[in-house]
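Just below is one structure, and these are the notes that go with it.
The values are calculated or read from the model by the stated rules, or taken from the named source; none is laboratory data. Just so it is clear, the structure is predicted and the values come from calculations on it, not from any experiment. Virtual Cβ from ideal backbone geometry, glycine too; neighbours counted across all protein chains shown.
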Ligand SMILES: O=C(O)c1cc(=O)[nH]c(=O)n1[C@@H]1O[C@H](COP(=O)(O)O)[C@@H](O)[C@H]1O
């Protein structure tokens with residue numbers, strides 16, 4: 001799967017992933033009305049609005065962006081209807097040939113992790129019948145419970161050609177409170193980077209990168225550069241560009257010299273572009289997905305400028 005992601009990045013010449021993190025206040029009124037006409041102002045109505053919104057954006061970006069990253073919390077809060085919209089969004093993205101990173105950030109003891117693993121990247125059994133439920137290509141995990149909490153994902157990664165992005169240095173302002181603590185002679189994020197890199201050694205793709213990737217926030221430029229040095233064969237998922245304030249220059253150090261090694265996420269900056277002054281003048285609410293396409297092209301140009 002890491003090879004497939006890299007192939008898509010090379011084909012599109014675009015190391016970006018669009019975060020499908022919908023909220024009702026990003027969704028144009030005419031889409032919301034359509035959804036409410038079908039399901040009322042209910043959880044199902046909101047979930048259907050998400051799906052219509054996501055599909056319109058996917059239709060505009062699938063040829064220029066290699067991957068999408070739906071963040072499960074946005075859907076989960078709307079209950080079963082929301083989770084169906086999550087599943088339908090994944091299915092539609094894959095139909096369009098996009099790689100899907102399910103941002104689920106799971107973390108639990110091994111016996112519980114097995115269930116997360118089977119549901120998201122493996123198979124679930126009902127008697128003799130096997131079901132592939134969520135169908136993400138990659139998922140995000142929190143590794144701070146240690147290797148036995150990550151291990152249950154490895155066999156499904158191998159069996160079903162999936163991948164992981166494991167949190168190493170997160171983009172949030174307070175991530176340093178814990179992740180920058182000194183552990184012996186190194187910071188905790190460096191120690192974690194070393195571990196994730198080691199865990200990934202047994203899972204190398206033909207590209208020379210492991211299917212076990214790392215999440216490295218764009219907002220912490222120096223740490224990103226340090227981690228690139230520690231983890232040369234690990235692909236980075238880099239959130240924090242745009243809405244969280246990180247610039248292309250801030251994250252350039254997350255890439256290897258060959259221009260590979262990182263895929264940069266933007267969620268709000270792309271999906272809600274039509275609400276931003278820079279795009280509002282050229283795109284109205286009816287053209288929200290075209291504004292997203294333009295924002296994705298602008299992000300691609302911005303990143304390629306520093307690579
Ligand atoms: O794992 C992630 O994707 C993630 C890790 C991290 O350190 N920081 C971070 O912002 N994210 C996710 O990346 C997305 C960022 O969204 P925007 O700030 O709108 O671009 C959200 O879905 C976050 O949950």
Considering every residue within the stretch 199-208, establish whether at least one is within 16 Å of the ligand (Cβ to nearest atom) and at pLDDT 95 or above.
-> no
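Among the residues of the stretch 249-259, which ones are in a helix (DSSP H, G or I) and under 18 Å from the mean Cα position of the chain (by Cα)?
As a first pass, look at the stretch 249-259 and keep what is in a helix (DSSP H, G or I): 249-254.
251, 254 - these are the residues of the stretch 249-259 that are in a helix (DSSP H, G or I) and under 18 Å from the mean Cα position of the chain (by Cα).
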In the stretch 117-139, is there at least one residue being in a helix (DSSP H, G or I), away from the ligand (no atom under 14 Å from the Cβ), free of Cβ contacts under 8 Å to residues at least 60 places away in the same chain and more than 25 Å from residue 19 (Cα to Cα)?
-> no
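Quick check on the stretch 21-36. Is at least one of its residues under 14 Å from the mean Cα position of the chain (by Cα) and buried (at least 17 other Cβ atoms within 10 Å of the Cβ)? Steps first, answer last, please.
We begin by selecting, within the stretch 21-36, every residue under 14 Å from the mean Cα position of the chain (by Cα); these are 21-22.
Keeping just the survivors that are buried (at least 17 other Cβ atoms within 10 Å of the Cβ) gives 21-22.
For the stretch 21-36, residues under 14 Å from the mean Cα position of the chain (by Cα) and buried (at least 17 other Cβ atoms within 10 Å of the Cβ): present.
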Within the stretch 69-81, count every residue that is more than 15 Å from the ligand (Cβ to nearest atom) and buried (at least 16 other Cβ atoms within 10 Å of the Cβ).
-> 2
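Filter the stretch 143-183 for residues that are assigned to a strand (DSSP E or B), in contact (Cβ under 8 Å) with a residue 40 or more places away in the chain and touching a helix residue (DSSP H, G or I) at 6+ places or on another chain (Cβ under 9 Å) and give the result. Break it down stepwise before answering.
Kept after step one, since they are assigned to a strand (DSSP E or B), are these residues of the stretch 143-183: 163-169, 182-183.
Restricting the remaining residues to those that are in contact (Cβ under 8 Å) with a residue 40 or more places away in the chain gives 163-169.
Once the filter is applied, which keeps residues that are assigned to a strand (DSSP E or B), in contact (Cβ under 8 Å) with a residue 40 or more places away in the chain and touching a helix residue (DSSP H, G or I) at 6+ places or on another chain (Cβ under 9 Å), the stretch 143-183 yields 163, 164, 166, 167, 168, 169.
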Please work out which residue is farthest from residue 169 (Cα to Cα), limiting yourself to the stretch 209-235 and to residues that are part of a strand (DSSP E or B) and within 11 Å of the ligand (Cβ to nearest atom).
-> 213
Within the stretch 262-283, is there a residue that is touching a residue at least 24 places away in the same chain (Cβ under 8 Å), surrounded by fewer than 22 Cβ atoms within 10 Å (Cβ to Cβ) and under 16 Å from the mean Cα position of the chain (by Cα)?
-> yes
